[in-house]
């Protein structure tokens, strides 16, 4: 039986996640459900996309991903189901799909139009669950709606190239549990414009001249302990998802703070790389 994943901004205080799972089990008593995250910041499409983009490929093909962020239907935010890269995504047409799949072309995009459903305040349970269970049972997408071609594309989240390729202007797209700041500048883009040049990364008043490949690379073990960089020092690295990330080495967001609080960076704030 196909796996159903759940990614929402519901949190865990209220009844929504429990009700959602109950509705699935009511239709499929032997369903396999995996929580990816229920702590997406409310209505934060970019954060949702980052988490899903970097998790869905770990699941087997045929997995069904229910996306419960900004999911209420409007004339400009249609309910859709997308089959792409061997996976199904059930979501609203709010731009999240374009951010997840990047350059991959969907095989099918269907606007959901189920009979006998109302446009209520809990569409993830009233609509998305029904579609997911239909797919698990082997149902075709054409049964749940009609072909759709107007996927939203959030271009404002793309890095900008300036000064004839001498500058990349990116932005913060995600802050993780450690307070690490993830930018939308991917390694491939950085290397394409670097061309062997030196560079400076600017984040607020902080300046970084070297991007690492892992966190502990900041420590030079050839130096005496009191001369090394280490816990509490700022670093930049290419993270496991291939994005440039800023971090405070071995820091704690809930005590001394992380890169987000210590640098004063938040979602959508600007990060600049200058090549020289």
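Against the empirical 2.2 N^0.38 Å scaling, what ratio does the C-alpha Rg of segment 10-97 come to?
1.08
Taking a cut-off of 24 Å, what percent of all Cα-Cα pairs in the chain are separated by more than that?
Looking at the chain, the distances longer than 24 Å represent 55 percent of pairs.
In nm, to one decimal, how far is the residue 216 label point from the residue 77 one, both placed 7 Å along Cα→Cβ?
If labels sit at residue 216 and residue 77, their model points lie 4.5 nm apart.
If you rank 15, 134 by fewest surrounding Cβ atoms within 10 Å, what's the result?
Working: 15 9, 134 18.
The most exposed by this proxy come first: 15, 134.
If the viscosity is 1.002 mPa s and the temperature 20 °C, what translational diffusion coefficient in µm²/s does Stokes-Einstein give for segment 3-155 when Rh comes from Kirkwood over Cα pairs? The partial results should precede the final answer.
On the way: Rh = 15.2 Å.
Rounded, D is 141 µm²/s.
Could you rank the peptides 81-87, 2-8 by their average count of other C-beta atoms within 10 Å per residue, with the highest value first?
So the peptides 81-87, 2-8, ranked by packing, come out 2-8, 81-87.
Working out 0.36 nm times the residue gap between residue 85 and residue 15, then minus their Cα-Cα distance, what length gain in nm do you get to one decimal?
So the extension gain works out to 22.0 nm.
Please rank 267, 243, fewest neighbouring Cβ atoms within 10 Å first, as an exposure proxy. The partial results should precede the final answer.
Details: 267 15, 243 21.
In order of increasing Cβ crowding within 10 Å: 267, 243.
What distance in nm separates the simple spin-label points at residue 104 and residue 39, each placed 7 Å from Cα in the Cβ direction?
According to this spin-label approximation, the distance is 2.6 nm.
Using the Kirkwood radius over C-alpha pairs as Rh, can you work out the diffusion coefficient of segment 158-275 via Stokes-Einstein at 20 °C, viscosity 1.002 mPa s, in µm² per second?
Answer from the Stokes-Einstein relation: 147 µm²/s.
Please report Rg over Rh for segment 49-134, where both radii come from the alpha carbon positions and Rh follows the Kirkwood definition.
On the way: Rg = 12.3 Å, Rh = 13.1 Å.
Value, to two decimals: 0.94.
Restricting to the chain, what percent of DSSP beta bridges are antiparallel, rounded to 5?
75 percent
With each run of n ≥ 4 DSSP H residues scored as -39500 (n - 2.57), what mean residue ellipticity at 222 nm is computed for the chain after dividing by its residue count and rounding to the nearest 500 deg cm²/dmol?
Rounded to the nearest 500, it is -4500 deg cm²/dmol.
So how compact is segment 1-46: Cα radius of gyration and Dmax in angstrom?
Expressed in Å, the Cα Rg and Dmax of segment 1-46 come to 11.4, 33.
Between residue 252 and residue 146, what is 0.36 nm times their sequence separation minus the Cα-Cα distance? Round to one decimal in nm.
Details: separation 106, 0.36 × 106 = 38.16 nm, distance 4.87 nm.
Length difference between fully extended and current span is 33.3 nm.
Using the scaling law 2.2 N^0.38 Å as the reference, what is the normalised Cα Rg of segment 175-233?
Rg over 2.2 N^0.38 Å, computed on Cα atoms: 1.34.
Where the eigenvalues come from the Cα gyration tensor of segment 81-183, what are the semi-axes √(5λ) of the equivalent ellipsoid, largest first, in whole Å?
Values for segment 81-183, descending: 33, 17, 13 Å.
Under 20 Å from a point placed 7 Å out from the Cα of residue 57 along the Cα-to-Cβ direction: which residues of segment 92-125 have their backbone N that close?
The answer is 96-108.
Where a number appears in this text, it was derived from the coordinates with a stated rule and is not lab data. Note that this is a predicted model, so its numbers are computed, not measured. Here Cβ is always computed from backbone atoms with ideal geometry, including for glycine, and neighbour counts include all displayed protein chains.
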